[in-house]
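> Let me give you the structure first, and then I'll get to my questions.
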Amino acid sequence: MATPAAPEGAAPADHRPALTVEELCFASAMSCFEGWLKMDPAIGPRTMSYVTKFISRTLEKTHNLKEVRETLSRSVEVWVWLTKSFAAALPSLTTRSIGPLQSLNDPEKGITPQESTALITKNYTSLKEDLQLLIKLMHIARNLLVVPEPEIPQDLCAAAQFDKMLYQTITLCVNVTSKAYDGDILEETARHKLSEITELYKKLLITCLQQAHNWIAKNDRNKMSFWCAVLFDDESGEEQQDAGAQFADFRPDVAKMEVHNWIERNSRMCDKARQLLIDYQRNLGSRGSPPGSLPENSVLSWNWMPHVRPRADDIGEETKITPQWKEDEQDKFEQDRLYGRVSREVDTWWLKVRDPNYDEWIISMPSVEKAHQLIEGCKLSSLNRYPHSFRNEDQEGSVHSAEDVQLPEHQGPEGEIRDDRHYNLPDYNDDMIEDEDADDDESYGEGPMSGLLTEVPNILDPKQIEALHMIVKSCILDSAGISLSRAGENLQKTRCRMFLSLECGRSLLREILVFIAVWEKSEQSLIFQLTTQIVEAIHHSALIPFAWQSLRIPKDIISPAQTVLLRLVNNMFRTRLQDPIQPGSKGHLRDIKLLQFLYIQFRTRIVPECTALMHLQAQIRNETCDPVDFPVDSWDMERAKDGLQQFLDLLMTVNEPIEWRTCLIQWEAVFDLLVLLKSLESAVPKKPMVDLPDRSAHRRPPPPHDDDRESHDYDSADPPPPPPPPPIQEHAHKFPWAGIKGQILHIIAGLLQPEAGRSGPGNPVVQKQILQHNGIISLLNCCVYDDHNRFARERVQICLKWLMDGSAEANKVLHDLVAVSPPPNLQSAPDASGLTQPVPLRVDGIAGEVKVRVKSNNAPPGSSPSSSAQQQQQHHPSAAHQQYPPRPSSAASNESGITTNSNTSTSSSTHDHDHLSSQAAPSASNNNKNNNTHTHQPPARVHGPAPPPPTPPSALTLPSLASPLISVSPSDYERFTKAYMNALPPLHSAATGVPGVGGHLNHPMMQAVRNHGGRPEDLFKDILTLADEAARLAIGQPPFVSPSGSGIGSGSGSGSGSRQRDAEETEEEDFM
């Protein structure tokens, strides 16, 4: 290439252009400031006051005056003075803050935080003055890049090597602010000084990040230079080379050389910047005039020095080139020039670690049978899978890493893997791999971290750190309108691949993700949106699978960084709902492949691991396992639950579009959801709405004895009694997994819903899958009230609605469940007083048992039916006008009464319902006697406010919770429950069409089963009744076996009662 010549219009060699007032003032101030820092010549405080005044005025003008900002930005002298000032200040600041410069690169010569604290407090005054000036100077450098033609000051900044000073300043700020200073041992004055200096360093760090962002904006060469400086760490490169196959044999040293060669090939500056640099070098640099010559050891120096041979590509040539790689080429620079792209090492690495399904479908979803094997294997090895915090060394279990175990050879075609690329699935049937050298602390990223920017998220708060996220986004996000290089390369994607190929980049990504979790940032915050765009850029390069594996922590089911990554992916998918991608497009196919990878992780790792923990909880609950053997603590359980919740949130999002929902149905997602549902049912007892108080707690304590009173009288000199101990944390084996059932039921309801635009029937494929995996029993068990999973019963109602609609097999299964349900038994042997023994009943939502005493059929001596009737009329005057016809085979019912605790009145609507139920009684008394398992509580309603529950025909007032007994006769108990059941919408019998008539068909469960072919609104009402009856069948009764061989386990309550709910706790219906 030709030697660069001065462009037309260049100034004569002996002519120096006139400087503006702002340039003269700023140059004079910078000259004095350099002398102040180097103490050559000695500068007094009066002169420094003028220096501070000139710098402050220059900063104010660059903020407010566009002309001054443009003038200073094109002045080479200004950039050279800025570089020299920081070059003089940084060694001085380092020595006064953290010790000599040579101690930075040698840990053995480094000083302790206590010694650094002493240095800072000793040099407090001078540090404060210098830091305040340097912050203003960095502000000026940042403002000079905000001009209409930013490429000119960007090139001048690079030519003066101010970017090198920028990196060194960031390093100093990180070293000072990241030290663990112990402020508790300092005096108040010293603590104040240390805090003030630390805050000044933080301000300088923030301004440096802002200047770096302005310097790389829309400038690919500067982006690559900055990326190369912050990512290629010599120490991390050596560790990465030792890692071996985990990083696909990536060679950081080779990649660094190739990136440097690309920067040199693209080192040509814009013409205006070259003109300014040539003028400066001719007029000042070559004569040695202040501020001095431009550096000659830069790859950019050929732009202003004619005698330097350029090796840059000719940007005037717009011909596209085809990358060629010549292995036999000895000259590395020439080899890279022929290749044309940034780095072949990075490209080769990306081809090995990207999503294996990038080009074609290679890996399919593991089958349900394989998933079942993983779950069972994980249960068997659950006690040995986690390092126990309180086990000794000989009992310590090893950490099982999914990356170290591959699929068995006999897995079959579904898991077939080609080209040595695979998603690593754990095999829990293998023996655990002992790794005594595993250090849990290292897995959490504690200790020194690699990379210039990795510590920044641990230093700054969300408002201060925005510039860092904007830098990463600017370097890697492939936004619309990005032009390709001559070799057809997307440089944004290349930098994204560099970001994850290097240990510094992966560490920075981990810290950025954890930053969101630590600060609990919402989805509307700028930090969350910027991080979502960073994840979007990684997704465009098909590297989320690799990032997911690199963020793993062996001792965790899912690491905090992985949990945040899932949340960001979920947010990314939600934006697709508002702005959908064309089905069949490249972007849509890329989303489907990402969803498949994440669901493979859900099926092969998350579900087996969580199920294993629930299995241990169930064993401890059944007293077949010792609680001390539970392998994890509550903190680990919380993180496992957070990760499981994020996975379920993602499934709830992708369950909405029909294309994604079809994938979940094809993958039989119902299987994994039902496995979790069954495991939760056996592992966690249901939490009641209220707990019955202990009657012994209401007893008055005995009066204190005189001796005791005297012994507790403290003298004024005696110390006060110790404070009460802190509340005991719930044991990990009692972890409730709150809210998980509600999410699972939400997803199942979405999978069951009919096709778009139709009101029914339910999805037949999902209906068949639920029946195949015996899911009806699991759904019915969720009808019992559980304060850990509120509104689970209402979600079950939606699931049953779509499950029964159009499925004769599901209706038959429910019919068989009703046929074998045992009736309640309220009869017991009477005592001498004529009252039966207390019968314990379980009420849904109330802990423990409520004892009910039933009156004997034989009246005690001295009492008569007439007196009993007069007593009833006295308590309920309106009851005298209501006559109940005698019931067949239950004459004793007419002779029994109810013992009450208080007087209540019965409304007229109650008698209407009772009259209706009494009319149906002659034809259905036998069946009702055998099948009635209702309690005295009505089912909850989903639509509209619930009507007030009807009052039973005879007075029945529940006593206070401390009261031991409720007395009720069998006949009135039957009328009582019928009155509540008749408060539901009328159910039309299939035989007669008359409400409440039809023999055994009058049973509420049978009404819902028989009338599934009616109108949708009628069907929905029947489903509400069905779910209410299912709750009564599932709780308070002994387990029974269904025709398919599966039983319903007894729950912790009985029935599905009417419960007063808060106004804000309303059922979600948006998925309908």
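> What is the distance, in nm, between label points placed 7 Å from the Cα along the Cα-to-Cβ direction at Lys218 and at Asp331?
For the pair Lys218/Asp331, the computed spacing is 3.6 nm.
> Moving to a separate point now. Any idea how far the Cα center of the range 119-198 sits from the one of the range 555-627, in Å?
42
> I want to check the label-to-label distance for Met39 and Asp314. Put each point 7 Å from Cα in the C-beta direction and report it in nm to one decimal.
5.6
> Right, something else. Using DSSP to call loops (not H, G, I, E or B), can you name the trypsin sites (Lys or Arg not before Pro) in the range 297-360 whose Cβ has at most 15 other Cβ atoms within 10 angstrom?
When the trypsin sites (Lys or Arg not before Pro) of the range 297-360 are filtered for loop state and at most 15 Cβ neighbours within 10 Å, Arg311, Lys320, Lys326 remain.
> Taking only the Cα atoms of the range 32-142, how large is their convex hull per residue, in Å³?
Normalising the Cα hull of the range 32-142 by residue number yields 117 Å³.
> Could you tell me whether the range 41-88 comes out rounded, prolate or oblate from its Cα gyration tensor? Rule is a ≥ b ≥ c as square roots of the eigenvalues, rounded for a/c under 1.5, then prolate if a/b exceeds b/c, otherwise oblate.
Oblate.
> Follow-up. Taking the full set of protein chains and a 1.4 angstrom probe, give the accessible area of Cys25 in square angstrom, rounded to the nearest 10.
About 40 Å², ignoring ligands and nucleic acids.
> To the nearest 10 Å², what's Leu194's accessible area with a 1.4 Å probe?
Rounded to the nearest 10, the figure is 10 Å².
> Could you check how much of the accessible area of the range 16-217 is carbon and sulfur, as a whole percent, using a 1.4 Å probe?
Answer for the range 16-217: carbon and sulfur cover 54 percent of the accessible area.
> Please sort 660-670, 578-588 by packing, taking for each peptide the average over its residues of neighbouring beta carbons within 10 angstrom, highest first. Numbers along the way, then the final one.
Details: 660-670: 19.0, 578-588: 10.2.
Final packing ranking: 660-670, 578-588.
> Still on this structure, I have one more. Hey, rough spin-label estimate for Glu296 and Gln666, points 7 angstrom out along Cα→Cβ, what's it come to in nanometres?
Going from the Glu296 label point to the Gln666 one covers 6.7 nm.
> Next question, about the same structure. Using a Förster distance of 45 Å, how high is the FRET efficiency between Asp626 and Asp461, based on the Cβ-Cβ distance and rounded to 0.05?
Efficiency for this residue pair is about 0.50.
> Next up: Between Glu755 and Arg46, what's the calculated FRET efficiency when r is the beta-carbon distance and R0 is 56 Å? Round to 0.05.
Efficiency for this residue pair is about 0.10.
> Follow-up question, since we're still on this one. Figure the gain on full extension for Ser483 and Ser289 (residue separation times 0.36 nm, minus the Cα-Cα span) and round it to one decimal in nm.
Using 0.36 nm per residue and subtracting the Cα-Cα distance, I get 65.6 nm.
> Computed over the Cα atoms, what is the radius of gyration of the range 16-217 divided by 2.2 N^0.38 Å, N being its residue count?
1.06
> Additional query: Please compute the per residue accessible area over the range 16-217 with all protein chains in place, 1.4 Å probe, rounded to a whole number of Å². Provide the component values of the computation, followed by the final result.
On the way: 8990 Å² over 202 residues.
Here the per-residue accessible area is 44 Å².
> Give me the number: length gained by fully extending Asp691 to Glu188, i.e. 0.36 nm times residue separation minus the C-alpha to C-alpha distance, one decimal in nm. Write down the numbers at each step before the final one.
Details: separation 503, 0.36 × 503 = 181.08 nm, distance 5.10 nm.
Answer, rounded to one decimal: 176.0 nm.
> When the accessible area of the range 503-590 is split by element with a 1.4 Å probe, what percent falls to carbon and sulfur?
Working: 1630 of 3090 Å².
Carbon plus sulfur share of accessible area: 53 percent.
> What length, rounded to one decimal in nm, is gained on full extension from Gln114 through to His815, with 0.36 nm per residue of separation minus their alpha-carbon distance?
244.7 nm
> R0 = 41 Å: FRET efficiency of Ser56 with Ala517, Cβ-based, nearest 0.05? Write out the running numbers ahead of the final one.
Numbers: r = 41 Å, r/R0 = 0.99.
Efficiency at R0 = 41 Å is approximately 0.50.
The values are calculated or read from the model by the stated rules, or taken from the named source; none is laboratory data. Note that this is a predicted model, so its numbers are computed, not measured. Heads up, the Cβs are rebuilt from the backbone with ideal geometry, glycines too, and the neighbour counts pull from every protein chain shown. Keep in mind that these areas ignore ligands, DNA and RNA; they rest on the heavy atoms of the full protein, side chains included. Shrake-Rupley method; radii C 1.70, N 1.55, O 1.52, S 1.80 Å.
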